[in-house]
Every structure is written in C-alpha cells, then in structure tokens.
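The values are calculated or read from the model by the stated rules, or taken from the named source; none is laboratory data. No experiment lies behind these values; they were computed from the predicted model shown. We place every Cβ from the backbone using ideal geometry, glycine too, and count neighbours over all the protein chains shown.
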Amino acid sequence: MANILITGGTGMVGRALTQVLIAKGHQVAILTRNPTSSSNPNISYYQWDIPNGTIDPKAISSADHIIHLAGAGVADKRWNKARKQEILDSRVQSGELLVHALKTIPNQVQSLVSASGIGWYGPDTAKSLDKGFMEDAPADKDFLGETCQLWENAVAPIATMGKRLVIFRFGIVLSNDGGAMIEFKKPVKFGIATILGSGNQIISWIHIKDLCNLLLQAIEETQFNGIYNAVAPETVTNKNLMLTLAKKMKGSFYLSFHVPAFLLKLVLGEMSIEVLKSAKVNSFKIQSAGFKHTYPTIDQALEELVQTSK
C-alpha cells in the first residue's frame, strides 16, 4: 500500500483514478482549493493555491507518489486570450509549485507521474500517417504544442532530484462521465451521427479504464520512466468513430450529417483547428513497457461505454 497524492483529483480522470487506486489498497490524498473532510477513510484532502504558490506541507511530506493531473479543461470554453492564458498557467504554475514543494519540504516521494497531451504533436505528416507520432517528435508551434512543451518543462526538474519522472501524453479520453464522449453522444441520442468536417481526420484516443490502469501501473512498476503516449493501439477517423457509436446506440435508426469546416470555425473559433486536426499517435512505447490495453479497438471501447451508460 502506498500514499498517493493526486492533483486534479476532482476532475474526470482524477475521480475514476481515485476509485482504481483505492480498489488496489492505496491511500489517496487530493490537492484542492477547497478541502473538505472525507467520509471515505481511504481519501483525504489538502489545500493548495496555485496562483499564490502555497501548498499544505503535510500533503507532500506524507506522499509516496504524486500523480499530477491538474489543468483547466482545454475544450470546456471557447478560446480567447484570457482562456488560453488560463489553460497555460494552470498547467505550468501547478507543475512549478510541485517542484518547489519537493525541493523545500522534507519528503519521501519516489515518483511523479504527470499528464501532458498529444496536442504536443502537430497535424499528420507522411511519416506519422505511416507509423504514428513517436515520443521523440518535436513539439508543434501552435498553441497546444507550445502549451504541452511548457507543461512538460515545468515538471522536468523532478528527474534531477533523485525521483522517477513519468509523463503521459493523453489522447482523447473516452468516458461516460465527461469529456469528448459526452459531446459525441449528444446528437446520436436524437438519431444523428454528426461528422465533423470531412470526417477523415484521425483521432488518437484511450478508454478511461485503460488510462487509469496505465497510471496505476506507472506508479507500481519502475520500468516506466520518461515520456509515453497514452493512446490505444488502434486509431480511428472521426467519421468511423461517430458511425460506430451511432450503430451501437441506435442500431440502424440514425442519419449521418456532416458539419462543414467553415461552420465549425465560426462556432468554435481557434479551437476548431484541434477538432479538425488529424493526428495519428503511436502506442508502441507503453506496450513495450508491459502495458496491455483492455480496450485496444474503438469497437471494444464504445461497446463497453454504451453498455455501461444504460
């Protein structure tokens, strides 16, 4: 049993991960702006204030491992200058605060596992379409590429402090409890499979249960070290994802509808670049480290999610 401190523990991934960790016998502590007492003896809450750079020393001193998930939702609101700054600051400042805390507070932390995103990669190239983006590809120069680079740089000093640092670049996380899946399902409930733009853009994704198991394995097994793509082995086009989802939810009782790219640009603004971007990301490195996906194909993932949402 280990004491595991989670940042972003109240988010979609954090909530699911907490349950997985507790089921494995671990104690979970969650950093939050507004800590409350917990009715679950396996969960405790500690306060931190990212803008003011403060953190409860007990959270650090009692932790064996840290899983760093904190960050404002990339797709939660339309991007403007202030929102983009919030997305960046929430990731960089929280990482810098953890590094400072680990340098100044006596602790026994063995490893830090941090989230990043496949936004690191730009749109597909001939090379990525062949083999998928590998972890050594350079960061793209767009907003998400630069954000991911600064995000990872913020926690990079951990590796020089005698602690194991693992960074996972999350693909699109498929879950019934939030994120992209909720948006995918909304029109399908009314019998419409909404295909975005051409629908040919490649989506690199991961089932929430696989992601939680991957994070758990990275804590428990020391062969994980460095940067990994947290994605499923099978990528899928937007069109095939939506048609597969519609068939599982509605059988043959649905219509497909293309939303033109120009309309997405009007509605979403700069964020439409990410919605329409094709990025084929390679999962070979996590598989080589010994991770086995429970939901390696989109058919298996959507089948489980549709069945458990009923």
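Go through the range 138-168 and give me each residue that's among the small types (Gly, Ala, Ser), buried (at least 16 other Cβ atoms within 10 Å of the Cβ) and within 19 Å of residue 103 (Cβ to Cβ).
Across the range 138-168, the qualifying residue is only 154.
Any residue at all in the range 169-178 that's aliphatic (A, V, I, L, M) and either surrounded by fewer than 20 Cβ atoms within 10 Å (Cβ to Cβ) or touching an Asp or Glu at 6+ places or on another chain (Cβ under 6 Å) (or both)?
Of the range 169-178, the ones aliphatic (A, V, I, L, M) are 172-174.
With either surrounded by fewer than 20 Cβ atoms within 10 Å (Cβ to Cβ) or touching an Asp or Glu at 6+ places or on another chain (Cβ under 6 Å) (or both) added as a condition, the list becomes none.
Scanning the range 169-178, I find no residue that is aliphatic (A, V, I, L, M) and either surrounded by fewer than 20 Cβ atoms within 10 Å (Cβ to Cβ) or touching an Asp or Glu at 6+ places or on another chain (Cβ under 6 Å) (or both), so the answer is no.
If you check residue 63 against the conditions, is it at pLDDT 95 or above, out of contact with any Ser or Thr (no Cβ under 8 Å at 6 or more places or on another chain) and within 23 Å of residue 225 (Cα to Cα)?
For residue 63, the condition - at pLDDT 95 or above, out of contact with any Ser or Thr (no Cβ under 8 Å at 6 or more places or on another chain) and within 23 Å of residue 225 (Cα to Cα) - is met.
Among the residues of the range 251-310, count how many are closer than 18 Å to residue 234 by Cβ and either in contact with a Cys (Cβ under 8 Å, 6 or more places away or on another chain) or not charged (D, E, K, R) (or both).
21
Condition (residue is surrounded by 18 or more Cβ atoms within 10 Å (Cβ to Cβ) and out of contact with any Cys (no Cβ under 8 Å at 6 or more places or on another chain)) applied to the range 34-41: is it met by at least one residue?
No, the conditions are met nowhere in the range 34-41.
Which one of these is out of contact with any Gly (no Cβ under 8 Å at 6 or more places or on another chain), among the hydroxyl-bearing types (Ser, Thr, Tyr) and surrounded by fewer than 14 Cβ atoms within 10 Å (Cβ to Cβ): 309, 272, 278?
309
Test residue 267 against the stated conditions and say whether it is modelled with pLDDT of 95 or more, more than 30 Å from residue 111 (Cα to Cα) and of a type in the set (Val, Ile, Thr).
Answer is no for this residue.
Counting only residues that are within 20 Å of residue 144 (Cα to Cα) and either in a loop (DSSP other than H, G, I, E, B) or basic (Lys, Arg) (or both), which one in the range 164-216 is farthest from the chain's Cα centre (by Cα)?
In this case the residue turns out to be 201.
Check 67, 4 and return the single one that is closer than 18 Å to residue 102 by Cβ, touching a residue at least 60 places away in the same chain (Cβ under 8 Å), surrounded by 17 or more Cβ atoms within 10 Å (Cβ to Cβ) and in contact with a His (Cβ under 7 Å, 6 or more places away or on another chain). Please lay out each step first, then the result.
On the way: 67 fails: in contact with a His (Cβ under 7 Å, 6 or more places away or on another chain).
Sole residue among the options that is closer than 18 Å to residue 102 by Cβ, touching a residue at least 60 places away in the same chain (Cβ under 8 Å), surrounded by 17 or more Cβ atoms within 10 Å (Cβ to Cβ) and in contact with a His (Cβ under 7 Å, 6 or more places away or on another chain): 4.
Please work out which residue is farthest from residue 204 (Cα to Cα), limiting yourself to the range 252-310 and to residues that are of a type in the set (D, E, K, R) and free of Cβ contacts under 8 Å to residues at least 24 places away in the same chain.
Among those residues, the one meeting the criterion is 310.
Residue by residue through the range 279-310, note down the ones that are assigned to a loop (DSSP other than H, G, I, E, B) and not small (Gly, Ala, Ser).
280, 282, 291, 292, 293, 294, 295, 296, 297, 310, listed by residue number.
Restricting to the range 62-100, and then to whatever is polar (S, T, N, Q) and either within 15 Å of the chain's Cα centre (by Cα) or assigned to a helix (DSSP H, G or I) (or both), can you tell me which residue is farthest from residue 4 (Cα to Cα)?
85
Take the range 1-54 and flag every residue that is charged (D, E, K, R), in a loop (DSSP other than H, G, I, E, B) and either closer than 22 Å to residue 92 by Cα or more than 22 Å from the chain's Cα centre (by Cα) (or both).
33
From the list 127, 103, which one is surrounded by fewer than 13 Cβ atoms within 10 Å (Cβ to Cβ), touching a helix residue (DSSP H, G or I) at 6+ places or on another chain (Cβ under 9 Å) and not in a loop (DSSP other than H, G, I, E, B)?
On inspection, the qualifying residue turns out to be 103.
Just one of the numbered conditions (1) within 21 Å of residue 274 (Cβ to Cβ); (2) at pLDDT 95 or above is not true of residue 233; which one?
(1)
Considering only the range 268-304, state which residues are over 22 Å from residue 120 (Cα atoms) and polar (S, T, N, Q).
294, 297, 300
Can you name the condition, by its number, that residue 309 falls short on among (1) modelled with pLDDT under 95; (2) within 20 Å of residue 120 (Cα to Cα)?
Only one criterion in (1) modelled with pLDDT under 95; (2) within 20 Å of residue 120 (Cα to Cα) is unmet by residue 309, namely (2).
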